[in-house]
Amino acid sequence: MSSTAAPSTLPSRAQRVALFYRDLVGKKFAMALSGVIFFGYVIGHMAGNLQIFMGRQKINDYAAFLHGTPSLLWGTRIVLLLAFIVHVYTGITLAQHSRAARPVRYQVKGQRHPNVAARTMLLSGLVVGAFIVYHLLHLTTGTVHPDFVPLAPYENLVNGFQQTPVAIAYIVAVSLLGLHLYHGAWSMFQSMGVSHPRYTPVLRKLAVVSSILLVVGFSSVPLAVMTGLVR
């Protein structure tokens with residue numbers, strides 16, 4: 001008499017991931033992980049932009065290298081798009097969960113989030129999201145850049161930031177990005193369980209310093225163009 005093996009009832013890896021994501025802890029972890037991806041990309045993007053101070057040839061060669069390596073360029077874009085979808089959807093879901101858990105708004109001022117970054121996460125996220133769309137149309141596709149030159153980031157940055165309203169909007173947007181990243185980095189440590197009386201102050205300072213450096217780094221490019229340091 002032949003025996004038939006019983007079908008496995010263990011969930012697949014995809015099912016386990018889905019079950020984990022349904023939980024509040026899973027959503028916070030997904031938010032943190034997608035935030036890590038963005039934080040890493042922002043650092044790399046800033047490093048690329050700062051090559052403008054090394055001259056036209058350096059940053060243009062960098063752009064040529066990226067476009068000459070489609071697996072790297074499109075692989076990065078796909079990962080960022082997936083991370084963006086996860087980050088936005090999960091952020092909305094967590095905000096709805098928080099609102100449902102606290103149907104009555106805080107009546108005592110001291111009960112609100114103690115810092116501006118925490119209170120403006122939704123606003124800064126929306127503004128940064130809108131800016132990313134404009135930034136792509138301006139300096140990636142050239143759709144809204146009247147003097148766009150393909151594979152010439154030096155010329156595009158200089159010509160673009162010579163328009164004062166564009167440069168100011170860029171600085172405001174990266175400042176809001178800094179606020180968003182500060183609270184996001186801090187929340188990331190907490191979501192991933194990295195919380196200890198000895199390390200917490202250090203992690204908070206690390207989040208502050210990292211965000212300030214990113215704002216200064218990104219803002220230095222339009223400021224250099226507006227002051228004529230880069231032309």
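The values are calculated or read from the model by the stated rules, or taken from the named source; none is laboratory data. Quantities reported herein were computed from a predicted structural model and do not represent experimental measurements. When we count neighbours, we look across all protein chains shown, and the Cβ atoms used for this are built from the backbone with ideal geometry, even at glycine.
If you filter the range 78-123 down to residues that are closer than 21 Å to A207 by Cβ and in a loop (DSSP other than H, G, I, E, B), you find that the one that is modelled with the highest pLDDT is T120.
Residues in the range 36-71 that are more than 14 Å from the chain's Cα centre (by Cα) and assigned to a helix (DSSP H, G or I): 22 in all.
Which pairs turn up if I take residues in the range 142-171 that are in contact (Cβ under 8 Å) with a residue 60 or more places away in the chain and on the phi > 0 side of the Ramachandran plot and look for partners that are surrounded by 15 or more Cβ atoms within 10 Å (Cβ to Cβ) and assigned to a helix (DSSP H, G or I) with beta carbon separation below 6 Å, at least 6 apart in sequence or on another chain? That search, which allows pairs on different chains as well, returns L151/A63. Hey, could you check the range 179-210 for residues that are within 23 Å of H135 (Cβ to Cβ) and modelled with pLDDT under 75 and say which is surrounded by the fewest Cβ atoms within 10 Å (Cβ to Cβ)? Among them, the one singled out is A185. Return the residues of the range 19-35 that are more than 20 Å from the chain's Cα centre (by Cα) and among the hydroxyl-bearing types (S, T, Y); say none if nothing qualifies. Across the range 19-35, the qualifying residue is only Y21. Of everything in the range 21-35 that is of a type outside the set (A, V, I, L, M) and assigned to a helix (DSSP H, G or I), the residue that is surrounded by the fewest Cβ atoms within 10 Å (Cβ to Cβ) is R22. In this structure, is L213 surrounded by 15 or more Cβ atoms within 10 Å (Cβ to Cβ) and either hydrophobic (A, V, I, L, M, F, W, C) or modelled with pLDDT under 80 (or both)? For L213, the condition - surrounded by 15 or more Cβ atoms within 10 Å (Cβ to Cβ) and either hydrophobic (A, V, I, L, M, F, W, C) or modelled with pLDDT under 80 (or both) - is not met. F65 meets the conditions (1) over 30 Å from P165 (Cβ atoms); (2) modelled with pLDDT under 75 in every case but one. The failed one is (2).
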